[in-house]
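Enquirer: Have a look at the structure that comes next, please.
What follows is calculated from the coordinates using simple rules that are stated; it is not laboratory data. Predicted model, so just to flag it, every value in this text is computed and none were measured. Cβ atoms come from the backbone with ideal geometry, glycine included; neighbour counts cover every protein chain shown.
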Amino acid sequence: MADPITPIYSKIDEWTGKPIFGLSFTDFTRVEQGYGCPHCLAVFEHARRGACPDCGEDMRSNAVAPLPEDWR
């Protein structure tokens with residue numbers, strides 16, 4: 001089984017109530033390529049697109065946002 005995706009920083013988005021994760025370059029690349037969910041950080045053996053089978057969130061909407069001020 002693949003290594004877990006571990007955030008190096010996380011916080012709750014004040015508008016949506018959903019977590020925002022800061023990931024290492026390696027973990028970010030795994031998520032970007034579809035081997036992990038950007039919403040719940042589930043790990044997949046095979047690249048996926050569409051909805052995450054664990055949390056149901058749409059994985060195609062993994063937009064990259066600027067770093068929050070308190071992460072710098």
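Enquirer: Given 0.36 nm per residue, what is the gain on full extension from Thr16 to His46 after removing their alpha carbon distance, in nm? Don't skip to the end; give the middle numbers.
Expert: Working: separation 30, 0.36 × 30 = 10.80 nm, distance 2.90 nm.
In short, 7.9 nm is gained.
Enquirer: Let me ask something additional. Find out how many positive minus negative residues lie around Gly36, taking Lys and Arg as positive, Asp and Glu as negative, among other residues whose Cβ is under 13 Å from that of Gly36.
Expert: Working: positive: Arg30, Arg48, Arg49; negative: Asp3, Asp27, Glu32, Glu45, Asp54, Glu57.
In short, -3.
Enquirer: Still on this structure: Specify whether the C-alpha gyration tensor of the range 6-57 places it in the rounded, prolate or oblate class, a ≥ b ≥ c being the square roots of the eigenvalues: rounded for a/c under 1.5, otherwise prolate if a/b is larger than b/c and oblate if not.
Expert: oblate
Enquirer: Just want the ordering: Phe25, Phe44, from fewest to most Cβ atoms lying within 10 Å of their own Cβ.
Expert: Phe25, Phe44
Enquirer: To make sure I understand, if each residue's beta carbon is the centre and we count other beta carbons within 10 Å, what order do Lys18, Lys11 fall in, fewest to most? Can you show the working numbers first?
Expert: Values: Lys18 10, Lys11 13.
Ranked by crowding around the Cβ, least crowded first: Lys18, Lys11.
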